[in-house]
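Notes to accompany the following structure.
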Amino acid sequence: MALTAETPGNLSPAPHFVLVPLLLQGHTIPMVDLACLLAARGARVSIVTTTVNAAQLQGVAERARRAKLLLEIVELPFPAAASPPPCSDSENVDDFLPLLQGLRVLASPLEAYLRALARRPSCMINDSLSSWAVGVARSVGVPRLSFQPTSCFFALCARNVGRQSGEDSGYVVPGMPLRVEMTKDTWSSSFLTTPAWEELLEEASEGVHAADGVVANTFMDLEEQLVQCYEAALGKPVWAVGPSCCLSNRPEKEIFLTTTTHANAMDDDQQQSAVMAWLDTMEQSVVIYVSFGSLVWMPPDQLYEVGHGLEESGRPFLWVVKESEETAVPEARRWLQALEARTAGRGLVARGWAPQLAILSHRAVGGFLTHCGWNSLLEAVTLGVPVLTWPHFADQFINQRLAVDVLGIGVPVVVVVVGGAAAPAVVVRGEVIARAVSELMGDGAVAQERRAKCKEYGERAHRAMEKGGSSYDNLTKLLHNFTPRTGRGRSLGI
Ligand code: UDP
């Protein structure tokens, strides 16, 4: 799907959506995709963000302008004396809290922006973790949808899990259409149970409850039963409009945000071309792509084991290592260089930020070792690439269950918590990783069947986004719900 304007049809006058993303890569990327989808269907879209990140998104605005879309990036100045808190790659999820909490000061500039508009916007869509925007929408009187950047499986689970469940091992989450059993460790790593996180997640959950509906980056053929159960549990519409990564010419490089150290990768065109050129030299479906997203940070001991595992597997690999992982200890860089020398011609270590969508789209890639961040998993599904799953925290354990047990497109590297938020730091050995890589990339009947299933889901993902597909139709309904009409009638049924 290309970024071109469709005939706005009967969207006249164009509804105006104000989007409030969260300043983390895994949240902003799908929100920017959603902005492009809405604008391509004739809506006016304003993405509000900090001055620094607005500058990073100018390329998106420029491409939209060339495609004659009504998409703008609006800068919200940080009030004097409150500068954006720093956030970097980290082993500890608590390190992201200051960023998330610090963004609350944007409430006043957002309110000032909304009040200064000639017409009240048709709808605000806020990231579910940007709950500081909830009160602003209420006070200005703008209808609001909550954007959910994770699976409906996890969202439903998070809603139904009881606070007391952390006490029991083997706790079964009630009200789920699929059996979900939580161990103590999976529970505390999934639901980040420190008081500060609890407060933030509680606010987010209240924001979802107070919203007029939920926009979910998923599609019916992937999560139909879960979407329906989530909708019933919330008692409000859940619009499944994804996978947003189908927007094939997403300008990946333009959505690096300066909240993490990946900002340096902006200059990394050369590496990105080298990665694609290296993939061009490989046979069809032989490469295992290894990336743990933007937040998971591997300590040196674990980094070495991943390297050993990839080497021992004997398979071609493309491994993305974060700059801060490579520089954590002086030996790490030397160690990686030695690994590259030993595996030259078969393995490639990319530094910093890799063009993930382009990599997953390449014919040489036949498997993806992932932390199961929702975007990464959706991208793998959409591009028909089976996954090796290694969750660390938050929604990743439940996303793993979806991939492995429900969809049958994945092989777990680990089935217990081995790091992340709450568990003791257990190092996963190289031989375990090598075995899992061989299982995923092998030629046996089970591996072939997994590949076939994944390809089928990929085709269904694309069909969902095409005209007449479920996500396309859901977006049409959403747009019509918020298209200004003469008179005030606005129904939220789907
Ligand atoms: N991503 C990328 N290059 C990288 C690392 C990540 O393009 O080197 C993108 C990836 O394609 C996905 C997002 O960043 O869209 C990561 O989101 P996800 O939900 O998978 O994980 P998170 O980073 O939030 O843990």
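Got a sec? Which residues in the stretch 177-203 would a label at GLN228 touch, if it sits 7 Å along Cα→Cβ and we count backbone N under 20 Å? Only 177-180 fall inside the zone, counting backbone N under 20 Å. Going by neighbour counts of Cβ atoms within 10 Å, the residues THR370, THR194 line up, fewest first, as THR194, THR370. Once the convex hull of all Cα atoms in the chain is built, its volume per residue stands at 139 Å³. Could you tell me whether the stretch 274-379 comes out rounded, prolate or oblate from its Cα gyration tensor? Rule is a ≥ b ≥ c as square roots of the eigenvalues, rounded for a/c under 1.5, then prolate if a/b exceeds b/c, otherwise oblate. Judged from the Cα gyration tensor, the stretch 274-379 comes out oblate (a/c at least 1.5, b/c at or above a/b).
Using helices alone, what [θ] at 222 nm do you get for the chain, with -39,500 (n - 2.57) per DSSP H run of 4 or more residues, divided over all residues and rounded to the nearest 500? Numbers along the way, then the final one.
On the way: 20 runs with 213 residues, N = 494.
That calculation yields -13000 deg cm²/dmol at 222 nm.
Return the inverse of the average 1/r over all pairs of distinct C-alpha atoms in the stretch 182-243, which is the Kirkwood hydrodynamic radius, in Å to one decimal. About 13.2 Å, per the Kirkwood formula over Cα pairs. Counting neighbouring beta carbons within 10 Å and listing from fewest to most, the residues HIS392, HIS27 come out as HIS27, HIS392.
Here the simple spin-label model places points 7 Å from the Cα toward Cβ, and for GLN271 and THR476 these points are separated by 4.4 nm.
At 0.36 nm per residue, and after removing the present C-alpha to C-alpha distance, how many nm does the segment from ARG65 to ARG429 gain when stretched out fully?
Working: separation 364, 0.36 × 364 = 131.04 nm, distance 4.98 nm.
Extending this stretch completely gives an extra 126.1 nm.
Would you mind putting 356-367, 336-347 in packing order, based on average other-beta-carbon counts within 10 Å, highest first? Can you show the working numbers first?
Details: 356-367: 20.8, 336-347: 14.0.
With the highest mean Cβ count within 10 Å placed first, the list reads 356-367, 336-347.
For the pair the stretch 349-412 / the stretch 14-70, the C-alpha centres are spaced 25 Å from each other. A simple count of charges around SER131, restricted to other residues whose Cβ falls under 13 Å of its Cβ and scoring Lys, Arg +1 and Asp, Glu -1, yields -2. Between ASN160 and VAL415, the simple label model (points 7 Å from Cα in the Cβ direction) yields a spacing of 2.1 nm. Built from the Cα atoms of the stretch 91-229, the convex hull projects on average onto 9.6 nm², one quarter of its surface area.
In summary, the lysines within cross-link reach of LYS477, defined as a Cα separation below 20 angstrom excluding same-chain residues under 8 places away, comprise LYS236, LYS467. About its Cα centre, the dipole of the stretch 267-403 is roughly 280 debye, where the only charges are +1 on Lys and Arg Cβ and -1 on Asp and Glu Cβ. Ranked by the mean number of other Cβ atoms within 10 Å of their residues, highest first, the peptides 474-481, 179-186, 40-47 come out as 40-47, 474-481, 179-186. Take 431-438, 328-335 and order them by the average number of nearby Cβ atoms within 10 Å per residue, most first; the result is 431-438, 328-335.
Please report, ordered by residue number, every helix of the chain (full DSSP H runs) that is 30 Å or longer along its axis going by C-alpha atoms and whose mean Kyte-Doolittle hydropathy reaches 0.0. Once both thresholds are applied, nothing remains. Taking R0 as 60 Å, what FRET efficiency do you get between ALA210 and THR281 from their Cβ-Cβ distance, rounded to the nearest 0.05? According to the calculation, E is roughly 0.65.
Since every read-out is calculated from the coordinates, none of them should be taken as a lab result. Since the structure is predicted, the reported quantities are computational estimates derived from the model, not experimental observations. Glycine also receives a Cβ, built like all others from the backbone with ideal geometry; neighbour counts cover every protein chain displayed.
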